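Some notes on the structure that comes next.
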Amino acid sequence: MKTFEKIKNLIITILKSVAKTFLFTLLIPFIIILFPVKCFWWKKFEKKYANFLNVNHGKNFFCYNNRSNSKTYIEENIIPELSHRIEIVYLNGKEIKSDYNIEFISESLYKLKTYNRFPHLMKIRNGKLIDMSINNSFYNVFNMKKPKIELLHEIHQFFKY
């Protein structure tokens, strides 16, 4: 009986390998055609994104998400204290809510260099995206009841330069 099972498993493995090879062979022409198209569109998007960064020089963004235990606190206690020059980016799951082009904001979030959960700060200076996580500082205020003035000072200092 064991020999029969081994033969059966071997035949199934061989059939799977043949099917994968056949599918890959069918997909090669599509890959050859679509790869240059994808590269072209990516280059075009990168140029548009670079233009977005240049056009929005000096913009500041406060980013937070829908984490249930902190969302209300941020909306009631932090956002009203922020300067009117700070734009709000809200992530509701994977859906981004912003007054700016969602594709470019999404790309900015994807390229965060110091990401350590939300909330997060981003600023655009000289065609570059600069970011900073304020997760630790925020949760010191939120959970440990430290003064929120320290957090607000940290936010304003980041955007000052």
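The values are calculated or read from the model by the stated rules, or taken from the named source; none is laboratory data. In this text the structure is predicted, and so the values were computed from the model without any measurement. Cβ: placed from backbone, ideal geometry, glycine included. Neighbour counts: every protein chain shown. Ligands, DNA and RNA are stripped out before the accessible areas are found, and what is left, the full protein with its side chains, is counted by its heavy atoms. Shrake-Rupley method; radii C 1.70, N 1.55, O 1.52, S 1.80 Å.
Among (1) open to solvent by 20 Å² or more (accessible area, probe 1.4 Å); (2) within 21 Å of Lys71 (Cα to Cα); (3) touching a helix residue (DSSP H, G or I) at 6+ places or on another chain (Cβ under 8 Å); (4) of a type in the set (A, V, I, L, M, F, W, C), there is one condition Ile102 misses while meeting the rest; what is its number?
All conditions pass for Ile102, except number (3).
Take segment 124-161 and flag every residue that is open to solvent by 40 Å² or more (accessible area, probe 1.4 Å), in contact (Cβ under 8 Å) with a residue 60 or more places away in the chain and in contact with a helix residue (DSSP H, G or I) (Cβ under 6 Å, 6 or more places away or on another chain).
Lys148
Can you spot a residue in segment 46-64 that is of a type in the set (A, V, I, L, M, F, W, C) and farther than 21 Å from Met132 by Cβ?
yes
Please work out which one of (1) open to solvent by less than 70 Å² (accessible area, probe 1.4 Å); (2) not small (Gly, Ala, Ser); (3) not in a helix (DSSP H, G or I) is the condition Tyr115 fails and give its number.
(1)
Looking at Ile105, Ile88, Ile130, which one is modelled with pLDDT of 95 or more, of a type in the set (Val, Ile, Thr) and touching a Lys or Arg at 6+ places or on another chain (Cβ under 6 Å)?
One residue alone meets the criteria, Ile130.
How many of the residues making up segment 123-149 are in a loop (DSSP other than H, G, I, E, B) and either touching a Cys at 6+ places or on another chain (Cβ under 8 Å) or not polar (S, T, N, Q) (or both)?
So the count comes out to 6.
Filter segment 59-84 down to residues that are in contact with a strand residue (DSSP E or B) (Cβ under 7 Å, 6 or more places away or on another chain), open to solvent by 30 Å² or more (accessible area, probe 1.4 Å) and either in contact (Cβ under 8 Å) with a residue 40 or more places away in the chain or farther than 19 Å from Ile155 by Cα (or both), then give me how many there are.
Total satisfying the criteria: 3.
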